[in-house]
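One structure is given here, and the rest of the page talks about it.
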Amino acid sequence: MSRDLPTLSVAGSQTLARADGRVAILLDTIERGPIAFEVSLATIGILRQELSKAETLLRQQPGKA
């Protein structure tokens, strides 16, 4: 990462669904507590791609995965 971005450590997660059909993913963070963000099928696809890239990078680091 080339930018100095705030980073949060995820301690847990949960999927939330509302009666109106909206869906969110709740991330329980160590630094800021729970944070929820709404998702759609499109954003889930984007997140899958980025998680796959992150997994690849982690697996390339000996002893880090």
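None of the figures in this text is laboratory data; all of them are computed from the coordinates on show. Please read these numbers as outputs of a predicted model, since none were measured by experiment. Note that each Cβ is placed from the backbone with ideal geometry, even for glycine, and that neighbours are counted across all protein chains shown.
Stretched out straight at 0.36 nm per residue, the stretch from Ala42 to Leu57 would grow longer than its current Cα-Cα span by 3.1 nm. Relative to the longest principal axis of the Cα atoms of the chain, the long axis of helix 41-59 makes an angle of roughly 20 degrees.
Extension gain, Leu26 to Val10: 0.36 nm times the residue separation minus the Cα-Cα distance gives 4.8 nm.
Neighbours of Ile44, meaning other residues whose beta-carbon lies under 12 angstrom from its beta-carbon, give a summed charge of -1 when Lys and Arg score +1 and Asp and Glu score -1.
Quote the convex hull volume per residue of the chain, based on C-alpha atoms, as a whole number of Å³. Output value, Cα hull per residue: 120 Å³.
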